[in-house]
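Inspection log for the structure reproduced underneath, given as structure tokens.
The values are calculated or read from the model by the stated rules, or taken from the named source; none is laboratory data. Keep in mind that what you see is a predicted model, and the values were worked out from it rather than measured. In this analysis, Cβ positions are derived from the backbone assuming ideal geometry, glycine residues included, and neighbour counts consider all displayed protein chains. Keep in mind that these areas ignore ligands, DNA and RNA; they rest on the heavy atoms of the full protein, side chains included. Shrake-Rupley method; radii C 1.70, N 1.55, O 1.52, S 1.80 Å.
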Amino acid sequence: MGVVQGDQMVLNIGPQHPSTHGVLRLQVRTDGEIVSEIKPYIGYLHRCFEKHCENVTYEQVIPFTDRCDYIASMNNNFGYVVTMEELMEIKVPERVEYIRVIMAELNRIASHLLALGTYGLDVGAFTPFLYMFRDRERILDIFELTCGARLLYNYMWVGGVSHDLPKDFERICIGFLDYFEPKIKEYNDLLTHNKIFLERTADVGVLPPDVAISFGVSGPNLRGSGVKWDVRKDEPYSIYDRFEFEIPLGEGEFGTVGDSFDRYWVRVCEMKESIKIIRQAIKNLPDGDVFQTIPKKIRPPKGSIYRRTESPRGDLGYYIISDGSPKPFRVKMRSPAFTALSSLSEIAQGWMLSDVIAILGSLDIVLGEIDR
Amino acid sequence: MTSKEIKKTLDRQFPGSVIENVDFAERQVELKPDQWLEIATFLKNDPGLSFDQLECVTGIDTGEDGPLQSRYNLHSMEHRHKIEVVISLDRSNPKVASIEQVWRVGDWFERETYDMFGIIYEGHRDLRRILCPEDWEGWPLRKDYETQETYHGIVVSKIKEEEWE
Amino acid sequence: MTVDALMNWFAKLGDFPELAFILAVLICAVPVFLFIALYALVAIYGELKISSFMQDKVGPMGQGVGLHAGKWGLLQPVADALKLILKEDIIPTSADKKLFILAPFIVFIGAFIAFAALPFNQNLIIADMNIGIFYILAVSSLGVIGLIMAGWSSNNKWSLYGAMRSAAQIVSYEIPAALSIIAVIMLTGTLSMQGIIQHQSGFVWGILPNWIIFQNPFTFVAFFIFFISGLAECNRTPFDIPEAESELVAGAFTEYSGMRYAFFFLSEYANMFIVSGIAVTAFLGGWQSPIPGIFTSPAWGLWWFMSKAMFLIFVMIWFRWTFPRLRVDQLMNVCWKGFTPIAMVNIFGVGIWHLMLG
């Protein structure tokens, strides 16, 4: 018997498509429903972030970092200021460190909520998406209370933060956590343990650990493959070494280790860990002046630095080179979603068209960060 | 291993490939471009080094008449040590071996650096522009880059040079 | 038996049988169309509100003065319909124009003519054919042709994908649906819709209605097979892969806009009603009252039929906003490896149970 070989069809998913999470084009070669080749085309959102950085001063770079990964702006700010402080050898006050950790972890929850919600949307479940947005909204309210902005905060500055915490912040924040913690179970009941959802995600798009490392995949995606790697624990920055939290790993509960479900599940578990961190941080929040160490003029000494931090999407690295002038000589952002997307063509090959969408969703990409 | 030991290992394995340069920090090692692919393969496969993760590839234009640089941040998941490899390239003919088949992520990182600096990675199977359109002219992140006037009839706006003090 | 009644009435006026037939059919068609339109408005409003309540939001609401959707958003479906009618009607240049225009109507006709055999109450049925249920099953598959036409003529890859998926899905799910109906026909011994309902009159032990779903355990299973297969035939979640907005944009309807899209929309809702209508007739006692002895007049019959059908439609809406979507091969697995064998065994089960205990 000969092999039945149908005609192949080239399909463009995007740039305008409901599930590309931004402006992304996937050129897909399909044989019926089966996808035999995927070529991602990116750059539709390219805004010359790195070129802009060379033309503005160091503090003016911070708003640009907001706009890279606009889902987790706090974490992007955090990465940049931590790198700058390491370059300039600034030691920020305790209170600032705690505030930053609280904000970054809140933003991590918000970002994971969006990732999980849109993932539900990708596999066709609409309702969990709105539930998660409802709760994300409350986090954005806390941010609005703190710094006035809801999406692009420009909150963390080199040497400090732009605003001190508002009055009553502890009460509001703890109130949110108490409200939010039981909601995770609600999501699990509604989406995670749904039979159809498991059918769609378990065993789909398996990313083996060695392939994941070779592709530079990081963050929840890497941990979904069972690799214990979290910058917060392994290369602690700021004050993350003071907190107790677990690193959730993909265990292949319903399929193979490293499948789409594991990536999803790691995010769910990470939200719980973030809650733990925030609770500890609020408990130990010291008093102090948050503007104390903000330098009048940022003129780092000559030199270069590469520092990575854990953003909700993975290892967010900043490569900063200073030539001693008030403008950076070179800023390079190593974005975690960029490497995650580059692995798509490897792991999504041979799956069905619907699975490609599901796998893409499970990688949780933000095109603003990929294209910069 | 500390970066000093890694440098020593490299020097032993590939004599003459490590360039001593005081400009670079402790964590960096400058290598000659000619043996880069072999060194990269060694760095990845040697059980003592086992740099299985290519964290970042950064292109750098050192300005005016200086060389272009391709910098690789390597990290080992197994040993939890890291090193930064710097390779300086001639500005008029920036060519270096591609490590795309050593670390898969190199594919896109090298395409990005090619896109921005025009560094040609020899042996890369699919070296195209990645962020800019395919028919964009010039290498945007080079210091001597001049923006093209128009692109398909669209006027390209210039970045204003202003002094911030 | 409205068509027959009208024809009898025309026969009294004069001897023109062909014209009388056409007139009778046309006169019947108008209220059916109006009914579908009205029902669709109600169902869309219901869908909006039910989904909103399930999603922790209020849904369409009108407030204050000025142009708005009325109290509680009651006018929202009207506004939606008006918007669709007023929208620009776009036919892509590369589309096959004739088929493109024809497709929505064929889909709609498939749903529309099935209404002819639905018994709304004791008297209100347009044509009580002796092959009623067979007729409905037959004509409701007509929509597939329309969908394939829509997908093919749009000259769009997404549309083609949607059309192929939907054809495969609808044709496959006809089988378990028809097999579970066969179980019903075995019990009732008639294909006539009214006949099937008549069979279900009376009560067991004076309380439990003698509906087919309660008559033996195998029909109980058959009901669920039929209902879920029907869900798949309507392309509703979790079987909405032909539309699958996150994968296929809008499937076969990708290139449609305005009035033509409205027709697809209308036929989706009409199909939901037909599936519910058959399920109610075949398993849930049709227009019969669930309470012994009271509420048995024809007006109450209409109420019982509509409320049972609307309940099933509510269940469909409930499913839609709760479940994720299956993948195309999983969908086929469910049909061919799950429902079809179960439905076949079921037929034997129903027969044996009926012979032993009936």
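Numbers at a glance
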| item | result |
| --- | --- |
| Length gained when the stretch C:L86-C:N155 is fully extended (0.36 nm per residue, less Cα-Cα span) | 22.4 nm |
| Mean separation of Cα contacts under 8 Å, 6 or more apart, over the residue count of chain C: relative contact order % | 21 percent |
| Hull-based mean projected area of chain A, where the convex hull spans the alpha carbons, in square nanometres | 18.7 nm² |
| Surrounding net charge for B:S50, when Lys and Arg each add one and Asp and Glu each subtract one, Cβ distance under 10 Å | -2 |
| Relative contact order [Cα under 8 Å, 6+ residues apart], region C:81-183, whole percent | 28 percent |
| Spin-label model distance (nm) - C:W72 vs A:K39, 7 Å beyond Cα toward Cβ | 5.6 nm |
| Global size of region A:1-154 as Cα Rg and Dmax, reported in angstrom | 20.8, 74 |
| Interface burial for C against A (accessible surface, 1.4 Å probe, total of both chains, Å², rounded to 100) | 2600 Å² |
| Within straight-line cross-link reach of A:K296, aspartates and glutamates at Cα separation under 19 Å, skipping those fewer than 8 residues along the same chain | A:E59, A:E85, A:E86, A:E89, A:D164, A:D323, B:E163, B:E165 |
| In sequence order, calculated HN-Hα J values of region A:314-324 (Karplus, 6.51, -1.76, 1.60; Hz; x Gly/Pro) | x, 6, 9, x, 10, 10, 10, 10, 10, 10, x |
| With 10 Å bins from 0: P(r) over region C:6-161, alpha-carbon pairs, percent | 9, 22, 28, 27, 11, 2, 0 |
| Projected-area average for region C:214-272 over all orientations - Cα convex hull basis, square nanometres | 4.7 nm² |
| Selection from A:V268, A:S214, A:N284 lying farthest towards where the dipole of region A:158-292 points positive, charges on Cβ | A:V268 |
| Residues of region C:333-358 with amide N under 12 Å of the 7 Å Cα→Cβ point at C:I175 | C:333-344 |
| Leading residue at positive end of dipole, region A:293-356 (Cβ point charges), from A:S342, A:I298, A:M352 | A:I298 |
| Neighbouring partner chain Cβ atoms per residue of A:44-55, average, 10 Å criterion | 3 |
| Compactness relative to 2.2 N^0.38 Å, alpha carbon Rg of region A:45-135 | 1.34 |
| Calculated FRET efficiency for the pair A:E86/B:S92, C-beta based, R₀ 35 Å, to 0.05 | 0.50 |
| Accessible area of region A:9-371 belonging to carbon and sulfur atoms, whole % at 1.4 Å probe | 53 percent |
| In range of the label at B:H81: residues from region B:22-65 whose backbone nitrogen is under 11 Å from the point 7 Å along Cα→Cβ | B:48-51 |
| Label-to-label distance, nm, for residues given as B:H152 and C:M61 (7 Å Cα→Cβ offset) | 4.5 nm |
| Per-selection metrics, region A:295-372 (Cα): Rg and Dmax in Å | 17.4, 56 |
| Under the Karplus curve 6.51 cos²θ - 1.76 cosθ + 1.60, θ = phi - 60°, whole-Hz ³J(HN,Hα) for region C:74-79, x wherever Gly or Pro sits | 4, 8, 4, x, 5, 4 |
| Inter-chain Cβ neighbour average for residues B:47-58, partner chain, 10 Å | 5 |
| Helix-derived mean residue ellipticity, 222 nm - over chain C, DSSP H n ≥ 4, -39500 (n - 2.57), to 500 | -22000 deg cm²/dmol |
| Segment C:F105-C:A79, extension gain: residue separation times 0.36 nm, minus the distance between their alpha carbons | 7.1 nm |
| Cα convex hull of region C:88-357 - mean projected area over all directions, nm² | 14.5 nm² |
| Average beta-carbon neighbours from other chains, 10 Å sphere, peptide A:125-135 | 4 |
| Computed E for C:N123/C:V345 - FRET, C-beta separation, R0 30 angstrom, nearest 0.05 | 0.20 |
| Average accessible surface area per residue within region B:105-158, 1.4 Å rolling probe, Å² | 49 Å² |
| Interface residues, region A:327-366 - accessible area loss of 30 Å² or more versus chain alone, probe 1.4 Å | A:K327, A:F329, A:R330, A:K332, A:R334, A:F338, A:S342, A:M352, A:L353, A:S354 |
| Where labels lie 7 Å past Cα in the beta-carbon direction, separation of A:D234 and C:F21 in nm | 8.0 nm |
| Residues C:F203 and C:F35, FRET efficiency given R0 of 25 Å [Cβ-Cβ distance, rounded to 0.05] | 0.25 |
| Above-threshold pairs, the threshold being 26 Å between Cα atoms, out of A:K195/C:K157; A:K272/B:K44; A:K302/A:K332; A:K167/C:K57 | A:K195/C:K157; A:K272/B:K44; A:K167/C:K57 |
| Contour excess over end-to-end distance, with Cα ends at C:D329 and C:I352 and 0.36 nm allotted per residue | 4.9 nm |
| For chain C, size of Cβ-based charge dipole, Lys and Arg +1, Asp and Glu -1, in debye | 440 debye |
| The protein assembly as shown - Rg over Rh from alpha carbon coordinates, Kirkwood radius | 1.06 |
| Pair-distance profile P(r), taking every C-alpha pair of chain B, with 5 angstrom steps and integer % | 1, 8, 16, 20, 18, 14, 10, 6, 4, 2, 1, 0 |
| Convex hull volume per residue in cubic angstrom - Cα atoms of region C:20-105 | 163 Å³ |
| Those aspartates and glutamates that a straight Cα-Cα span of less than 14 Å connects to C:K337, excepting residues fewer than 8 apart in one chain | C:D329 |
| Residue-averaged 222 nm ellipticity for chain B, from DSSP H runs of 4+ at -39500 (n - 2.57), nearest 500 | -6000 deg cm²/dmol |
| Accessible carbon and sulfur surface of region B:3-155 relative to its total accessible area, %, 1.4 Å | 48 percent |
| Listing of region C:292-326 residues, each with accessible area lower by at least 20 Å² in the full protein assembly than in the chain alone (probe 1.4 Å) | C:W321, C:T322, C:F323, C:P324, C:R325, C:L326 |
